[in-house]
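A quick write-up on the structure given underneath.
The values are calculated or read from the model by the stated rules, or taken from the named source; none is laboratory data. Every value quoted in this text rests on a predicted model; they were computed, and no experiment measured them. Reconstructed Cβ throughout: ideal geometry from the backbone, glycine too, with neighbour counts over all protein chains shown. These accessible areas exclude ligands, DNA and RNA; they are computed on the full protein's heavy atoms, side chains included. Shrake-Rupley method; radii C 1.70, N 1.55, O 1.52, S 1.80 Å.
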Amino acid sequence: MAKFHTLKVAEVRRETAEAVSIAFDIPEAAKAEYSYIQGQYVTLKIKLNGEEVRRSYSVCSSPLANEPMRVAVKQVKDGRMSTYLNTQLKAGDMLEVMTPMGSFHSAMNAGNKKNYVLFAGGSGITPMLSIIKTVLIAEPKSTLVLLYGNRDEASIIFKAELEKIVADNKDRVKMVHVLEHSPKVEGSLFRGIMLPEKVKALIENYVGLNLDNEFFICGPGPMMRNVESTLIELKIEKQRIHLEYFTVYVDAGKAQPVVEIPTIESSVTVIMDGEETTFELSSKGKSILDAAMDAGVDVPFSCKGAVCCTCKAKVLEGKIQMDKNYALTDQEVAEGYILTCQAHPLTEKVVVDYDVV
Ligand SMILES: Cc1cc2nc3c(=O)[nH]c(=O)nc-3n(C[C@H](O)[C@H](O)[C@H](O)COP(=O)(O)OP(=O)(O)OC[C@H]3O[C@@H](n4cnc5c(N)ncnc54)[C@H](O)[C@@H]3O)c2cc1C
Ligand code: FES
(Lines give C-alpha, C1' and ligand atoms only; values in the text may rest on other atoms or scores of the structure.)
(Ligands and ions follow the chains in the order given, each with its own letter.)
Protein backbone atom coordinates (compact mmCIF):
# COMPACT_ATOMS: atom_id res chain seq x y z
CA MET A 1 0.00 0.00 0.00
CA ALA A 2 1.29 3.46 -0.94
CA LYS A 3 2.63 5.24 2.11
CA PHE A 4 4.70 8.33 2.94
CA HIS A 5 8.00 8.06 4.82
CA THR A 6 10.34 10.88 5.71
CA LEU A 7 13.57 10.33 3.75
CA LYS A 8 16.87 12.14 3.97
CA VAL A 9 18.09 13.86 0.81
CA ALA A 10 21.50 12.32 0.11
CA GLU A 11 22.41 14.63 -2.79
CA VAL A 12 21.03 17.47 -4.88
CA ARG A 13 22.95 17.52 -8.16
CA ARG A 14 22.57 20.25 -10.74
CA GLU A 15 21.98 18.59 -14.10
CA THR A 16 21.22 21.66 -16.28
CA ALA A 17 20.52 25.33 -15.53
CA GLU A 18 16.86 24.36 -15.07
CA ALA A 19 17.00 20.87 -13.58
CA VAL A 20 18.36 19.08 -10.55
CA SER A 21 18.44 15.43 -9.63
CA ILE A 22 17.76 14.38 -6.05
CA ALA A 23 19.07 11.17 -4.48
CA PHE A 24 17.51 9.72 -1.35
CA ASP A 25 18.93 7.87 1.62
CA ILE A 26 16.54 5.06 2.38
CA PRO A 27 16.86 3.55 5.85
CA GLU A 28 17.38 -0.21 5.95
CA ALA A 29 13.97 -0.77 7.57
CA ALA A 30 12.13 0.98 4.70
CA LYS A 31 14.19 -0.47 1.80
CA ALA A 32 11.66 -3.18 0.89
CA GLU A 33 8.86 -0.62 0.65
CA TYR A 34 10.93 1.50 -1.73
CA SER A 35 11.85 -1.36 -4.05
CA TYR A 36 10.71 -0.12 -7.44
CA ILE A 37 10.36 -1.04 -11.08
CA GLN A 38 12.12 0.94 -13.84
CA GLY A 39 9.91 3.82 -15.03
CA GLN A 40 7.96 4.21 -11.78
CA TYR A 41 7.54 7.48 -9.88
CA VAL A 42 7.39 8.74 -6.31
CA THR A 43 5.15 11.49 -4.93
CA LEU A 44 6.68 14.20 -2.76
CA LYS A 45 4.67 16.11 -0.16
CA ILE A 46 5.88 19.51 1.04
CA LYS A 47 4.31 22.40 2.96
CA LEU A 48 4.82 25.58 0.93
CA ASN A 49 3.51 28.82 2.45
CA GLY A 50 1.44 26.75 4.86
CA GLU A 51 -0.23 24.74 2.09
CA GLU A 52 0.39 21.06 1.42
CA VAL A 53 1.67 20.51 -2.11
CA ARG A 54 2.03 17.05 -3.66
CA ARG A 55 3.80 16.35 -6.92
CA SER A 56 5.03 13.18 -8.60
CA TYR A 57 8.55 12.66 -10.00
CA SER A 58 9.76 9.72 -12.05
CA VAL A 59 12.70 7.76 -10.81
CA CYS A 60 15.73 8.07 -13.11
CA SER A 61 17.89 5.48 -11.34
CA SER A 62 17.73 1.75 -12.03
CA PRO A 63 16.57 -0.72 -9.39
CA LEU A 64 19.18 -3.14 -10.73
CA ALA A 65 22.17 -0.77 -10.67
CA ASN A 66 24.05 -0.24 -7.48
CA GLU A 67 22.88 3.35 -7.00
CA PRO A 68 20.57 5.32 -4.71
CA MET A 69 16.98 6.00 -5.73
CA ARG A 70 17.07 9.30 -7.62
CA VAL A 71 14.53 11.59 -9.28
CA ALA A 72 15.10 14.58 -11.58
CA VAL A 73 13.08 17.77 -11.49
CA LYS A 74 12.90 20.42 -14.18
CA GLN A 75 11.95 23.87 -12.96
CA VAL A 76 8.63 24.98 -14.41
CA LYS A 77 8.02 28.72 -14.72
CA ASP A 78 6.12 29.83 -11.60
CA GLY A 79 5.88 26.18 -10.55
CA ARG A 80 5.66 25.83 -6.79
CA MET A 81 7.23 22.46 -6.09
CA SER A 82 9.74 22.40 -8.96
CA THR A 83 11.03 25.88 -8.04
CA TYR A 84 11.41 24.90 -4.38
CA LEU A 85 13.28 21.72 -5.28
CA ASN A 86 15.55 23.54 -7.73
CA THR A 87 16.35 26.54 -5.58
CA GLN A 88 15.95 25.62 -1.89
CA LEU A 89 16.44 21.91 -1.34
CA LYS A 90 19.86 20.74 -0.16
CA ALA A 91 21.56 17.53 0.91
CA GLY A 92 20.63 16.58 4.47
CA ASP A 93 17.06 17.96 4.21
CA MET A 94 14.20 15.63 5.05
CA LEU A 95 11.40 15.07 2.53
CA GLU A 96 8.07 13.26 2.71
CA VAL A 97 8.27 10.68 -0.08
CA MET A 98 5.53 8.23 -1.01
CA THR A 99 6.49 4.67 -1.87
CA PRO A 100 6.95 4.12 -5.65
CA MET A 101 4.00 3.61 -8.00
CA GLY A 102 3.18 3.57 -11.68
CA SER A 103 2.88 1.26 -14.62
CA PHE A 104 5.19 2.88 -17.19
CA HIS A 105 7.12 -0.32 -17.72
CA SER A 106 7.05 -3.72 -19.34
CA ALA A 107 8.20 -6.96 -17.73
CA MET A 108 11.93 -7.64 -17.91
CA ASN A 109 13.05 -11.09 -18.97
CA ALA A 110 16.65 -12.16 -19.59
CA GLY A 111 15.49 -14.16 -22.62
CA ASN A 112 13.81 -11.17 -24.32
CA LYS A 113 15.21 -9.93 -27.61
CA LYS A 114 13.24 -6.71 -27.78
CA ASN A 115 13.92 -3.30 -29.22
CA TYR A 116 12.89 -0.51 -26.84
CA VAL A 117 11.98 2.69 -28.68
CA LEU A 118 11.94 5.61 -26.27
CA PHE A 119 10.48 8.96 -27.31
CA ALA A 120 11.43 11.53 -24.66
CA GLY A 121 10.89 15.27 -24.50
CA GLY A 122 12.59 17.50 -21.88
CA SER A 123 12.09 16.16 -18.35
CA GLY A 124 10.37 13.13 -19.92
CA ILE A 125 13.87 11.64 -20.03
CA THR A 126 13.74 10.72 -16.31
CA PRO A 127 11.78 7.44 -16.55
CA MET A 128 13.61 6.67 -19.81
CA LEU A 129 17.03 6.76 -18.14
CA SER A 130 15.74 4.27 -15.57
CA ILE A 131 14.41 2.05 -18.38
CA ILE A 132 17.65 2.26 -20.40
CA LYS A 133 19.88 1.33 -17.46
CA THR A 134 17.58 -1.50 -16.41
CA VAL A 135 17.18 -3.05 -19.88
CA LEU A 136 20.96 -3.01 -20.36
CA ILE A 137 21.37 -5.04 -17.17
CA ALA A 138 18.28 -7.27 -17.29
CA GLU A 139 18.01 -8.14 -20.97
CA PRO A 140 21.40 -8.79 -22.59
CA LYS A 141 19.87 -9.46 -26.02
CA SER A 142 17.60 -6.38 -26.16
CA THR A 143 18.46 -3.08 -27.85
CA LEU A 144 17.30 0.51 -27.29
CA VAL A 145 16.72 3.59 -29.43
CA LEU A 146 16.32 6.93 -27.65
CA LEU A 147 14.71 9.73 -29.66
CA TYR A 148 15.13 12.74 -27.42
CA GLY A 149 13.65 16.18 -28.07
CA ASN A 150 14.85 19.35 -26.35
CA ARG A 151 14.82 23.10 -26.80
CA ASP A 152 18.59 23.39 -27.28
CA GLU A 153 21.79 21.62 -26.34
CA ALA A 154 22.09 23.30 -22.94
CA SER A 155 18.68 22.02 -21.87
CA ILE A 156 19.47 18.33 -22.48
CA ILE A 157 19.14 16.62 -19.09
CA PHE A 158 21.60 13.73 -18.48
CA LYS A 159 23.50 14.57 -21.69
CA ALA A 160 26.90 13.35 -20.45
CA GLU A 161 25.51 10.26 -18.70
CA LEU A 162 23.58 9.26 -21.82
CA GLU A 163 26.58 9.81 -24.08
CA LYS A 164 28.63 7.54 -21.84
CA ILE A 165 25.93 4.86 -21.90
CA VAL A 166 25.86 5.01 -25.72
CA ALA A 167 29.68 4.91 -25.95
CA ASP A 168 29.85 1.89 -23.61
CA ASN A 169 27.03 0.04 -25.42
CA LYS A 170 27.52 0.99 -29.08
CA ASP A 171 25.94 -2.17 -30.43
CA ARG A 172 22.88 -1.92 -28.19
CA VAL A 173 21.94 1.75 -27.71
CA LYS A 174 21.25 4.42 -30.32
CA MET A 175 20.51 8.02 -29.35
CA VAL A 176 19.13 10.71 -31.62
CA HIS A 177 18.74 14.31 -30.45
CA VAL A 178 16.08 16.56 -31.95
CA LEU A 179 16.66 20.19 -30.99
CA GLU A 180 14.22 23.01 -31.47
CA HIS A 181 16.93 25.67 -31.72
CA SER A 182 20.56 24.91 -32.30
CA PRO A 183 22.97 26.44 -34.74
CA LYS A 184 25.20 23.37 -34.42
CA VAL A 185 22.67 20.75 -35.48
CA GLU A 186 22.97 19.68 -39.12
CA GLY A 187 20.05 18.18 -41.01
CA SER A 188 16.35 18.97 -40.87
CA LEU A 189 15.53 15.67 -39.19
CA PHE A 190 17.40 16.69 -36.04
CA ARG A 191 16.07 20.24 -35.87
CA GLY A 192 12.62 21.38 -34.82
CA ILE A 193 9.92 19.68 -32.79
CA MET A 194 8.44 16.21 -33.04
CA LEU A 195 5.61 16.86 -35.45
CA PRO A 196 3.99 13.78 -37.02
CA GLU A 197 6.11 13.96 -40.22
CA LYS A 198 9.30 14.14 -38.17
CA VAL A 199 8.21 11.27 -35.95
CA LYS A 200 7.49 9.19 -39.06
CA ALA A 201 10.88 10.06 -40.56
CA LEU A 202 12.68 9.23 -37.30
CA ILE A 203 10.96 5.84 -37.19
CA GLU A 204 11.81 5.17 -40.86
CA ASN A 205 15.46 6.00 -40.24
CA TYR A 206 16.06 4.52 -36.79
CA VAL A 207 13.44 1.87 -35.98
CA GLY A 208 13.04 -1.46 -37.73
CA LEU A 209 9.28 -2.02 -37.71
CA ASN A 210 9.85 -5.78 -38.14
CA LEU A 211 11.56 -5.95 -34.71
CA ASP A 212 9.91 -6.93 -31.42
CA ASN A 213 9.44 -3.26 -30.53
CA GLU A 214 8.16 -1.80 -27.27
CA PHE A 215 7.41 1.96 -27.47
CA PHE A 216 7.62 4.34 -24.50
CA ILE A 217 6.53 7.99 -24.77
CA CYS A 218 7.01 10.73 -22.18
CA GLY A 219 7.28 14.48 -22.70
CA PRO A 220 5.12 17.52 -23.39
CA GLY A 221 1.50 16.68 -24.22
CA PRO A 222 1.52 17.73 -27.90
CA MET A 223 4.69 15.75 -28.57
CA MET A 224 3.20 12.68 -26.88
CA ARG A 225 0.05 13.01 -28.95
CA ASN A 226 2.08 13.34 -32.20
CA VAL A 227 4.12 10.23 -31.44
CA GLU A 228 1.15 8.17 -30.29
CA SER A 229 -1.01 9.06 -33.30
CA THR A 230 1.87 8.29 -35.68
CA LEU A 231 2.40 4.89 -34.07
CA ILE A 232 -1.32 4.15 -34.33
CA GLU A 233 -1.24 5.18 -37.99
CA LEU A 234 1.68 2.78 -38.49
CA LYS A 235 -0.58 0.04 -37.05
CA ILE A 236 1.53 -0.54 -33.94
CA GLU A 237 -0.51 -2.61 -31.48
CA LYS A 238 -1.81 -0.54 -28.56
CA GLN A 239 -0.31 -2.82 -25.92
CA ARG A 240 3.16 -2.07 -27.29
CA ILE A 241 2.70 1.69 -26.70
CA HIS A 242 3.33 2.95 -23.16
CA LEU A 243 2.50 6.55 -22.22
CA GLU A 244 3.43 8.58 -19.15
CA TYR A 245 1.77 11.99 -18.90
CA PHE A 246 3.37 14.55 -16.59
CA THR A 247 0.60 17.13 -16.95
CA VAL A 248 -3.02 17.21 -17.97
CA TYR A 249 -3.04 17.62 -21.70
CA VAL A 250 -6.21 17.75 -23.70
CA ASP A 251 -6.48 18.45 -27.39
CA ALA A 252 -9.31 17.98 -29.82
CA GLY A 253 -8.12 14.53 -30.75
CA LYS A 254 -7.87 13.29 -27.18
CA ALA A 255 -10.65 15.19 -25.41
CA GLN A 256 -12.82 12.85 -23.42
CA PRO A 257 -16.57 13.44 -23.78
CA VAL A 258 -18.51 14.56 -20.74
CA VAL A 259 -21.01 11.78 -20.01
CA GLU A 260 -24.25 12.79 -18.30
CA ILE A 261 -24.91 10.52 -15.35
CA PRO A 262 -28.19 9.95 -13.46
CA THR A 263 -28.52 11.13 -9.85
CA ILE A 264 -27.92 8.16 -7.57
CA GLU A 265 -27.53 8.26 -3.81
CA SER A 266 -24.95 5.66 -3.00
CA SER A 267 -23.41 3.98 0.01
CA VAL A 268 -19.69 3.85 -0.73
CA THR A 269 -17.27 1.65 1.22
CA VAL A 270 -13.54 2.18 0.84
CA ILE A 271 -11.03 -0.38 2.05
CA MET A 272 -7.63 0.95 3.00
CA ASP A 273 -4.96 -0.88 5.00
CA GLY A 274 -7.60 -3.57 5.64
CA GLU A 275 -9.98 -1.10 7.28
CA GLU A 276 -13.44 -0.39 5.87
CA THR A 277 -15.02 3.07 5.93
CA THR A 278 -18.53 3.68 4.62
CA PHE A 279 -20.11 7.00 3.66
CA GLU A 280 -23.03 8.32 1.64
CA LEU A 281 -22.22 9.93 -1.70
CA SER A 282 -24.27 11.25 -4.60
CA SER A 283 -23.24 10.39 -8.15
CA LYS A 284 -23.37 14.16 -8.82
CA GLY A 285 -21.29 15.02 -5.75
CA LYS A 286 -17.59 14.93 -4.90
CA SER A 287 -15.20 12.32 -6.21
CA ILE A 288 -14.84 9.10 -4.22
CA LEU A 289 -11.31 10.25 -3.31
CA ASP A 290 -12.46 13.61 -1.87
CA ALA A 291 -15.40 11.99 -0.08
CA ALA A 292 -13.09 9.35 1.43
CA MET A 293 -10.76 12.14 2.65
CA ASP A 294 -13.73 13.95 4.20
CA ALA A 295 -14.58 10.68 5.97
CA GLY A 296 -11.10 10.71 7.51
CA VAL A 297 -9.40 8.08 5.34
CA ASP A 298 -5.73 8.78 4.52
CA VAL A 299 -6.13 7.88 0.83
CA PRO A 300 -3.20 8.28 -1.57
CA PHE A 301 -3.29 11.01 -4.22
CA SER A 302 -1.09 13.48 -6.04
CA CYS A 303 -2.33 15.33 -9.16
CA LYS A 304 -6.12 14.95 -8.71
CA GLY A 305 -6.22 15.49 -12.47
CA ALA A 306 -6.45 11.95 -13.92
CA VAL A 307 -2.77 11.95 -14.85
CA CYS A 308 -0.63 10.27 -12.22
CA CYS A 309 -2.45 7.13 -11.04
CA THR A 310 -1.56 7.62 -7.36
CA CYS A 311 -5.25 7.42 -6.38
CA LYS A 312 -5.75 4.10 -8.16
CA ALA A 313 -8.05 1.54 -6.52
CA LYS A 314 -10.16 -1.43 -7.57
CA VAL A 315 -13.95 -1.63 -7.63
CA LEU A 316 -15.01 -4.81 -5.83
CA GLU A 317 -18.75 -4.16 -6.00
CA GLY A 318 -21.03 -1.82 -7.93
CA LYS A 319 -20.33 0.58 -10.79
CA ILE A 320 -18.64 3.95 -11.04
CA GLN A 321 -18.12 6.61 -13.70
CA MET A 322 -14.81 8.41 -14.21
CA ASP A 323 -14.82 12.02 -15.42
CA LYS A 324 -11.41 11.62 -17.10
CA ASN A 325 -8.67 9.05 -17.38
CA TYR A 326 -5.22 9.71 -18.86
CA ALA A 327 -3.40 7.21 -16.69
CA LEU A 328 -5.04 3.78 -16.65
CA THR A 329 -4.72 1.44 -19.62
CA ASP A 330 -7.83 -0.10 -21.24
CA GLN A 331 -6.84 -3.41 -19.67
CA GLU A 332 -6.64 -1.91 -16.17
CA VAL A 333 -10.09 -0.35 -16.63
CA ALA A 334 -11.46 -3.69 -17.85
CA GLU A 335 -10.01 -5.31 -14.71
CA GLY A 336 -11.96 -2.86 -12.53
CA TYR A 337 -9.22 -0.37 -11.67
CA ILE A 338 -10.28 3.25 -11.30
CA LEU A 339 -8.84 6.68 -10.60
CA THR A 340 -10.71 7.55 -7.43
CA CYS A 341 -10.03 11.28 -7.92
CA GLN A 342 -12.27 11.05 -11.01
CA ALA A 343 -14.77 8.44 -9.84
CA HIS A 344 -18.46 8.86 -8.98
CA PRO A 345 -20.79 6.06 -7.85
CA LEU A 346 -23.33 4.78 -10.36
CA THR A 347 -25.01 2.13 -8.19
CA GLU A 348 -26.59 2.27 -4.74
CA LYS A 349 -23.69 0.28 -3.28
CA VAL A 350 -20.06 0.66 -4.28
CA VAL A 351 -17.04 -1.02 -2.67
CA VAL A 352 -13.59 0.28 -3.58
CA ASP A 353 -10.34 -1.33 -2.44
CA TYR A 354 -7.08 0.66 -2.26
CA ASP A 355 -5.14 -2.35 -1.00
CA VAL A 356 -5.19 -4.46 -4.17
CA VAL A 357 -3.27 -2.19 -6.56
C1 LIG B 1 3.54 10.46 -13.02
C2 LIG B 1 4.27 11.79 -13.11
C3 LIG B 1 5.64 11.81 -13.16
C4 LIG B 1 6.32 13.03 -13.26
N5 LIG B 1 7.68 13.02 -13.33
C6 LIG B 1 8.36 14.18 -13.44
C7 LIG B 1 9.79 14.18 -13.55
O8 LIG B 1 10.43 13.13 -13.54
N9 LIG B 1 10.41 15.38 -13.62
C10 LIG B 1 9.72 16.57 -13.64
O11 LIG B 1 10.36 17.63 -13.70
N12 LIG B 1 8.37 16.59 -13.56
C13 LIG B 1 7.68 15.44 -13.44
N14 LIG B 1 6.31 15.46 -13.34
C15 LIG B 1 5.63 16.76 -13.26
C16 LIG B 1 5.58 17.22 -11.80
O17 LIG B 1 4.77 16.34 -11.04
C18 LIG B 1 5.00 18.62 -11.60
O19 LIG B 1 3.79 18.71 -12.31
C20 LIG B 1 5.94 19.72 -12.10
O21 LIG B 1 7.18 19.66 -11.38
C22 LIG B 1 5.32 21.11 -11.88
O23 LIG B 1 4.94 21.25 -10.55
P24 LIG B 1 5.03 22.67 -9.82
O25 LIG B 1 4.45 22.56 -8.47
O26 LIG B 1 6.42 23.18 -9.92
O27 LIG B 1 4.14 23.57 -10.77
P28 LIG B 1 2.64 24.10 -10.48
O29 LIG B 1 2.69 25.09 -9.38
O30 LIG B 1 1.76 22.91 -10.36
O31 LIG B 1 2.32 24.75 -11.89
C32 LIG B 1 2.65 26.07 -12.25
C33 LIG B 1 2.30 26.34 -13.69
O34 LIG B 1 3.07 25.55 -14.58
C35 LIG B 1 2.27 24.71 -15.43
N36 LIG B 1 2.94 23.39 -15.48
C37 LIG B 1 2.88 22.43 -14.55
N38 LIG B 1 3.66 21.39 -14.91
C39 LIG B 1 4.22 21.71 -16.09
C40 LIG B 1 5.13 21.04 -16.95
N41 LIG B 1 5.64 19.83 -16.65
N42 LIG B 1 5.51 21.69 -18.07
C43 LIG B 1 5.03 22.90 -18.38
N44 LIG B 1 4.16 23.58 -17.58
C45 LIG B 1 3.76 22.99 -16.47
C46 LIG B 1 0.95 24.66 -14.77
O47 LIG B 1 -0.10 24.47 -15.71
C48 LIG B 1 0.88 26.02 -14.07
O49 LIG B 1 0.45 27.01 -14.95
C50 LIG B 1 5.61 14.25 -13.27
C51 LIG B 1 4.22 14.22 -13.19
C52 LIG B 1 3.54 13.02 -13.12
C53 LIG B 1 2.04 13.02 -13.05
S1 FES C 1 -4.47 11.73 -8.00
FE2 FES C 1 -3.44 11.64 -9.93
S3 FES C 1 -4.82 10.46 -11.14
FE4 FES C 1 -5.90 10.72 -9.28
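Please give the FRET efficiency for residue 212 paired with residue 164, using the beta carbon to beta carbon distance and R0 = 30 Å, rounded to the nearest 0.05.
Numbers: r = 27 Å, r/R0 = 0.89.
The computed FRET efficiency comes out at 0.65.
In a Gaussian network model over the chain where Cα atoms closer than 10 Å are linked, find which of 259, 270, 199 has the largest mean-square fluctuation.
Among 259, 270, 199, the largest GNM mean-square fluctuation belongs to 259.
How would segment 265-353 be classified by its alpha-carbon gyration tensor: rounded, prolate or oblate, with rounded meaning a/c under 1.5 and the a/b versus b/c comparison settling the rest? Intermediate values should be presented prior to the final figure.
Values: a/c = 1.41, a/b = 1.25, b/c = 1.12.
It is rounded, given that a/c, with a ≥ b ≥ c, falls under 1.5.
If you count, for each residue, the other Cβ atoms within 10 Å and average over each peptide, how do 101-109, 276-284 line up from highest to lowest?
By packing density, highest mean first, the sequence is 101-109, 276-284.
Using a cut-off of 12 Å between beta-carbons, work out the net charge of the residues near residue 352 (Lys and Arg +1, Asp and Glu -1, residue 352 not included). Mind dumping the intermediate values first?
Details: positive: 312, 314, 319, 349; negative: 276, 317, 353, 355.
Once all neighbours under 12 Å are counted, the net charge is 0.
In whole percent, how big is the carbon plus sulfur part of the accessible area of the chain, probe 1.4 Å, protein atoms only?
About 51 percent, which is the carbon plus sulfur part of the accessible surface.
Using a Förster distance of 41 Å, how high is the FRET efficiency between residue 31 and residue 261, based on the Cβ-Cβ distance and rounded to 0.05? Could you put the intermediate results ahead of the total?
Numbers: r = 44 Å, r/R0 = 1.07.
My answer for the efficiency is 0.40.
Angle between the Cα long axis of helix 221-233 and the longest principal axis of the chain, 0 to 90 degrees, nearest 10?
The angle comes out at about 80 degrees.
If you take every residue apart from residue 279 with its C-beta less than 13 Å away from the C-beta of residue 279, what net charge results, scoring Lys and Arg +1 and Asp and Glu -1? Spell out each step's value before the answer.
Values: positive: 286, 349; negative: 265, 276, 280, 290, 294.
Surrounding charge for residue 279 is -3.
State the Cα centre-to-centre distance between segment 308-357 and segment 63-106 in whole Å.
Taking the Cα centre of each part, segment 308-357 and segment 63-106 sit 27 Å apart.
When the convex hull of the Cα atoms of the chain is projected onto a plane and the area is averaged over all directions, what value comes out in nm²? Let's see the in-between values first.
Values: hull surface 75.0 nm².
Convex hull of Cα atoms, orientation-averaged projection: 18.8 nm².
Using a Gaussian network model of the chain with C-alpha springs under 10 Å, which one of 66, 150, 169 is most mobile by mean-square fluctuation?
Taking springs between Cα atoms under 10 Å, the residue moving most is 66.
Ranked from the most accessible area to the least, with a 1.4 Å probe and all protein chains present, what is the order of 126, 263? Intermediate values should be presented prior to the final figure.
Numbers: 126 0, 263 90 Å².
Correct descending sequence by accessible area is 263, 126.
Whole number in Å², please: accessible area per residue of segment 1-81, 1.4 Å probe, ligands, DNA and RNA not counted. All intermediate terms of the calculation are to be shown ahead of the outcome.
Working: 3930 Å² over 81 residues.
Heavy-atom accessible area per residue stands at 49 Å².
Given the whole protein assembly as supplied and a 1.4 Å probe, what does the accessible area of residue 14 come to in Å², nearest 10?
Accessible area of residue 14: about 120 Å².
Let's test this: bin the Cα-Cα distances of segment 163-273 at 10 Å from zero up to the farthest pair and state each bin's percent.
11, 31, 30, 14, 8, 5, 0
Leaving out ligands, DNA and RNA but keeping every protein chain, what accessible area does residue 37 have, in Å² rounded to the nearest 10, with a 1.4 Å probe?
Its heavy atoms expose roughly 70 Å² to the probe.
Would you mind working out the magnitude of the charge dipole of segment 115-243 relative to its Cα centre, with +1 at each Lys and Arg C-beta and -1 at each Asp and Glu C-beta, to the nearest 20 Debye?
Working: 16 positive and 16 negative charges, 9 e Å.
For this selection, approximately 40 debye.
To the nearest 10 Å², what's residue 349's accessible area with a 1.4 Å probe?
Surface open to solvent at residue 349 totals about 100 Å².
Keeping all protein chains in place, calculate the accessible area per residue for segment 136-206 (probe 1.4 angstrom), answer in Å².
On the way: 3710 Å² over 71 residues.
Per-residue value: 52 Å².
So what's the back-of-envelope 222 nm ellipticity for the chain, counting only DSSP H runs of four-plus at -39500 (n - 2.57) apiece and dividing by all residues, rounded to 500?
Details: 7 runs with 68 residues, N = 357.
One gets -5500 deg cm²/dmol as the mean residue ellipticity at 222 nm.
Regarding segment 4-98, what's the average projected area of the Cα-atom convex hull, expressed in nm²? Show your work: numbers first, answer last.
On the way: hull surface 24.1 nm².
Over all viewing directions, segment 4-98 projects a mean Cα-hull area of 6.0 nm².
When the chain is treated as a GNM, springs tying every alpha-carbon pair under 10 Å, which of 222, 68, 183 comes out with the largest mean-square fluctuation?
183
On C-alpha positions alone, give me the angle between the axis of helix 159-168 and the longest principal axis of the chain, in degrees, nearest 10.
60 degrees
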